[in-house]
Amino acid sequence: QVQLVESGGGLVQAGGSLRLSCAGSKGTFRLYATGWFRQAPGKEREFVAGCSWSGTNTLYADSVKGRFTISRDNSKNTVYLQMNSLKPEDTALYYCAATLTSATEVVSSYNYWGQGILVTVST
């Protein structure tokens, strides 16, 4: 079982940037495809971005394409989400997730989840 810990959230003004990190607890984390999801108050959890275990293959939700970038450093057991040109509608709890299958947009595809970290974008 792998444990995931997110960091890097906080308050930022619209148009600003943040970088989220997700640290995996085990060296085998490099074998897991990973995804970032988010959940705003009163809304369902939604897919943001995902990448393969190597980081070679990535996918993004339409709402973040061109603004967010997912990457990973397997030597550090860490996955990143660089978020640029942030908008108030990006405000949410952001979750890191991992799976031994392929990264998809489907919540149920992921076996392991972090506790979530809050991102707030002010106007």
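Place the peptides 60-67, 76-83 in order of packing, highest mean first, counting for every residue the other Cβ atoms within 10 Å and averaging per peptide.
Ranking the peptides 60-67, 76-83 by packing returns 76-83, 60-67.
Compute the distance from the alpha-carbon center of segment 1-69 to that of segment 88-111, in whole Å.
Segment 1-69 and segment 88-111 have Cα centres spaced 7 Å from each other.
Ordered by residue, what ³J(HN,Hα) values in Hz, to whole numbers, does segment 86-100 give under the Karplus form 6.51 cos²θ - 1.76 cosθ + 1.60, where θ = phi - 60° and Gly and Pro are x?
Coupling constants for segment 86-100: 5, 10, x, 6, 7, 4, 4, 7, 9, 10, 9, 9, 9, 8, 8 Hz.
In Å and on Cα atoms, what radius of gyration and Dmax does the chain show?
Final numbers for Rg and Dmax: 13.2, 41 Å.
Taking amide H positions as placed in the peptide plane 1.01 Å from N, state which residues far from residue 112 in sequence (5 or more) or on other chains have amide H under 5 Å from it.
98
Using the heavy atoms of the protein chains and a 1.4 angstrom probe, tell me the accessible area per residue for the chain in square angstrom.
Roughly 50 Å² per residue, with all protein chains present.
Starting from 0.36 nm per residue, how many nanometres of slack lie between residue 14 and residue 73 once their C-alpha separation is accounted for?
Length gained, residue 14 through residue 73: 18.5 nm.
At 0.36 nm per residue, and after removing the present C-alpha to C-alpha distance, how many nm does the segment from residue 118 to residue 30 gain when stretched out fully?
29.2 nm
Going by a ≥ b ≥ c, the root eigenvalues of the Cα gyration tensor, does segment 62-123 fall in the rounded group (a/c under 1.5), the prolate group (a/b larger than b/c) or the oblate group?
Since a/c reaches 1.5 and a/b is larger than b/c, the shape of segment 62-123 is classed as prolate.
Give me the percent relative contact order of segment 1-85, please, defined on Cα pairs under 8 angstrom at least 6 residues apart.
Relative contact order here is 31 percent.
Tell me the carbon and sulfur percent of the accessible area for segment 17-123, rounded to whole percent, probe radius 1.4 Å.
49 percent
What list of ³J(HN,Hα) values in whole Hz, one per residue of segment 69-83 in order, does the Karplus curve 6.51 cos²θ - 1.76 cosθ + 1.60 (θ = phi - 60°) give from phi, with Gly and Pro shown as x?
9, 9, 8, 8, 10, 5, 5, 10, 6, 9, 10, 10, 10, 8, 10
Which FRET efficiency, nearest 0.05, do residue 109 and residue 84 yield, Cβ-Cβ r, R0 30 Å?
Using R0 = 30 Å, I get an efficiency of 0.70.
Under a cut-off of 29 Å between alpha-carbon atoms, report the lysines in cross-link reach of residue 65, not counting same-chain residues fewer than 8 places apart.
43, 76, 87
The values are calculated or read from the model by the stated rules, or taken from the named source; none is laboratory data. None of the values given here were measured: they were computed from a predicted structure. Glycine also receives a Cβ, built like all others from the backbone with ideal geometry; neighbour counts cover every protein chain displayed. For the accessible areas, the whole protein counts, side chains as well, though only heavy atoms, and no ligand, DNA or RNA atoms are used. Shrake-Rupley method; radii C 1.70, N 1.55, O 1.52, S 1.80 Å.
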